[in-house]
């Protein structure tokens, strides 16, 4: 069975940056499962997996535009520390939720200088070329319940 929309795909992957450093990988012996064609993976990877089948191995290079987007300097802002009231011990690397006119947005604290805190609303992988090594473990038709809910259910129909 080849990968097409509304199929459940199980895959093992390793994601590296341009320097070859491992950024992310599927858990040992635990493949990532997703519902193909529903935007659950970055667009470039989903496109590369379309038409492939169980047992296929591939190496894919994804440009930022088809990954987590280009880096947008306008998503970086400095705020006074008092704007983060209720958050103790603010430190670089913290992930927070900012309330924006478009709704909540995850931000990362990237710099502290005196009373100013720099918040970056870009995805941590924005602007980066992504290098995936993928092995497709299995492909199956999604159940009607999975299609209705828009995500994969575990063994026995349980949510992951």
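Out of the residues in segment 127-156 that are in contact with a helix residue (DSSP H, G or I) (Cβ under 7 Å, 6 or more places away or on another chain) and over 19 Å from residue 12 (Cβ atoms), state the one that is surrounded by the fewest Cβ atoms within 10 Å (Cβ to Cβ). Restricting to residues being in contact with a helix residue (DSSP H, G or I) (Cβ under 7 Å, 6 or more places away or on another chain) and over 19 Å from residue 12 (Cβ atoms), the top hit is 145.
None of 41, 45 is touching a strand residue (DSSP E or B) at 6+ places or on another chain (Cβ under 8 Å), assigned by TED's automatic domain parsing to the domain that holds residue 147 and in a loop (DSSP other than H, G, I, E, B) except 41. Taking residue 111 and the conditions (1) surrounded by 15 or more Cβ atoms within 10 Å (Cβ to Cβ); (2) at pLDDT 95 or above, which numbered condition does it fall short on, given that it satisfies the others? For residue 111, the failing item is (1).
Within the option set 88, 39, 55, being exposed (fewer than 13 other Cβ atoms within 10 Å of the Cβ), free of Cβ contacts under 8 Å to residues at least 60 places away in the same chain and on the phi > 0 side of the Ramachandran plot holds for one residue only, 39.
In a residue-by-residue description of segment 92-112, the property of being more than 22 Å from residue 128 (Cα to Cα), in contact (Cβ under 8 Å) with a residue 40 or more places away in the chain and part of a strand (DSSP E or B) applies to no position. Restricting attention to segment 62-75, and to residues there that are outside any loop (DSSP other than H, G, I, E, B) and surrounded by 13 or more Cβ atoms within 10 Å (Cβ to Cβ), which single residue is farthest from the chain's Cα centre (by Cα)? By that ranking, first place goes to 75.
The values are calculated or read from the model by the stated rules, or taken from the named source; none is laboratory data. Fair warning: this is a prediction, and the values are worked out from it, not measured in the lab. No Cβ is skipped: glycine too gets one built from the backbone with ideal geometry, and neighbour counts run over all protein chains shown.
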